Amino acid sequence: MFQGPDTLSRMIVDIPSSADFQAAGINQIYLAWQIAMQALLDLERAIEYGADDDAETKTIYWKRSQPALANAYSLIQQGMELALKGRIAAVSPLLLIGNPGDWPGRAATSEVSFGEFRTLDAADLVKVHDSIAAPRFDENFKVFWEGVRRERNKIMHSATSKTFDPADVVHAILTAVEVLFSEKPWSLWLLEMEKEGRLAALGFNDDVQNDVMWQVEAALKHLSSADGRRYFGFDAKRRAYICPHCYYAANRDWQEDWPHLAQLTTKARGATQLSCTVCKTVTEVLRTPCDESDCKGNVIAEGICLTCSRKSTSTTRMRER
Ligand SMILES: [Zn+2]
Ligand SMILES: [Zn+2]
């Protein structure tokens, strides 16, 4: 008598779910992000501590950062590959084990772990996905994925002629996230993953908000203004303010300069809704001059001036969306 997929799944064991692939994928992307951010942070700190800030020094620095950045780029490919497999697994994980000619011989007679099967080649994943799942990927994504996949192969064969800069890595991460991990904006992924990171296990998670604010600010510096709008909803051409929600969620023991990453939601005079690029909170602000004579700020909330971060006697309540 014919037996359905239930029996099959008992013959092939340890079958990963779509969610398993997705979680593994976002972790690879996050590792790539951490590598790029570390390279940027090391350079910024070194310059703060007096290292040369000239073009030649930076060129040498980025040249020596190539192994790390190439590794980050490979991780983006791996993260994307896992996410694509996750989408196929959502239809059936068994579609991933491809050609029966490649199956382990003993699969027909005993339990075999899914991990022992050869899975589909990365080059076939989009074709398989688009044959079985909707919506299909658009042409832009296909070109992007092919580019990332080919570049990664070159890296693996030590044949890459590309010089990676952190902007490439940041841009590729954001493009991958936009299509494959679009459940939430990247900044919210970052907040979540920093909060659940290994340092948090040791109790060192006071600086999560500070770190993510810094990372988003650093990323924006390396994106065109069009990409800043596309990936973070941040308009570099408009005035920006400190988000009071991020400010109070951050560790304020050591930081003096606060990134200005929140913007008024409309260009109308006297606009009072301030939307944050990082935490996505919308705050109702008061449009009244800062108490400090040397500050021209006129956006106040939660008892601080959102331009200079100094205390203000004007108060508002926070409103979240
Ligand atoms: Zn915020
Ligand atoms: Zn002020």
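The values are calculated or read from the model by the stated rules, or taken from the named source; none is laboratory data. Nothing here was measured: the structure is a model prediction, and the numbers come from that model. Here the Cβ positions follow ideal geometry from the backbone for every residue, glycine too, while neighbour counts run over all protein chains shown. These accessible areas exclude ligands, DNA and RNA; they are computed on the full protein's heavy atoms, side chains included. Shrake-Rupley method; radii C 1.70, N 1.55, O 1.52, S 1.80 Å.
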task: Determine if the range 207-218 includes at least one residue that is at pLDDT 95 or above, within 16 Å of ligand 2 (Cβ to nearest atom), closer than 20 Å to LEU188 by Cβ and not β-branched (Val, Ile, Thr).
output: no
Return yes or no: is ALA218 among the small types (Gly, Ala, Ser) and either crowded, with 17+ Cβ neighbours inside 10 Å or farther than 29 Å from ARG87 by Cβ (or both)? yes
Taking the range 282-299 and keeping residues among the hydrophobic types (A, V, I, L, M, F, W, C) and either surrounded by fewer than 20 Cβ atoms within 10 Å (Cβ to Cβ) or within 16 Å of ligand 1 (Cβ to nearest atom) (or both) leaves VAL282, VAL285, LEU286, CYS295, VAL299
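Table: residues versus (1) among the basic types (Lys, Arg); (2) open to solvent by 30 Å² or more (accessible area, probe 1.4 Å); (3) touching a Phe, Trp or Tyr at 6+ places or on another chain (Cβ under 7 Å).
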| position | (1), (2), (3) |
| --- | --- |
| SER92 | no, yes, no |
| ILE97 | no, no, yes |
| ASP102 | no, yes, no |
| ALA107 | no, no, no |
| GLU116 | no, yes, no |
| LEU125 | no, no, no |
| SER131 | no, yes, no |
| ASP138 | no, yes, no |
| LYS142 | yes, yes, no |
Log entry, pairs with first residue in the range 256-284 being more than 14 Å from GLN215 (Cα to Cα), second being acidic (Asp, Glu) and part of a strand (DSSP E or B), beta carbons closer than 8 Å, six or more apart or on different chains, reads THR272/GLU284; GLN273/GLU284; LEU274/GLU284
Quick count over the range 210-251, residues being among the hydroxyl-bearing types (Ser, Thr, Tyr), free of Cβ contacts under 8 Å to residues at least 60 places away in the same chain and in a helix (DSSP H, G or I), is 3
Exactly one of ILE47, ILE29, ILE60 is of a type in the set (Val, Ile, Thr) and in contact (Cβ under 8 Å) with a residue 60 or more places away in the chain, and that one is ILE29
Here, helices (runs of 4 or more DSSP H) confined to the range 155-203 with at least 2 residues that are open to solvent by less than 50 Å² (accessible area, probe 1.4 Å) are 166-180, 186-195
Do we find that ARG136 is in contact with a His (Cβ under 9 Å, 6 or more places away or on another chain) and in a loop (DSSP other than H, G, I, E, B) in this structure? yes
With criteria (1) touching a Pro at 6+ places or on another chain (Cβ under 6 Å); (2) free of Cβ contacts under 8 Å to residues at least 12 places away in the same chain, VAL112 comes up short on (2)
If you go through GLN273, GLN263, the only one that is touching a Ser or Thr at 6+ places or on another chain (Cβ under 9 Å), farther than 26 Å from ASP206 by Cα, at pLDDT 95 or above and more than 13 Å from ligand 2 (Cβ to nearest atom) is GLN273
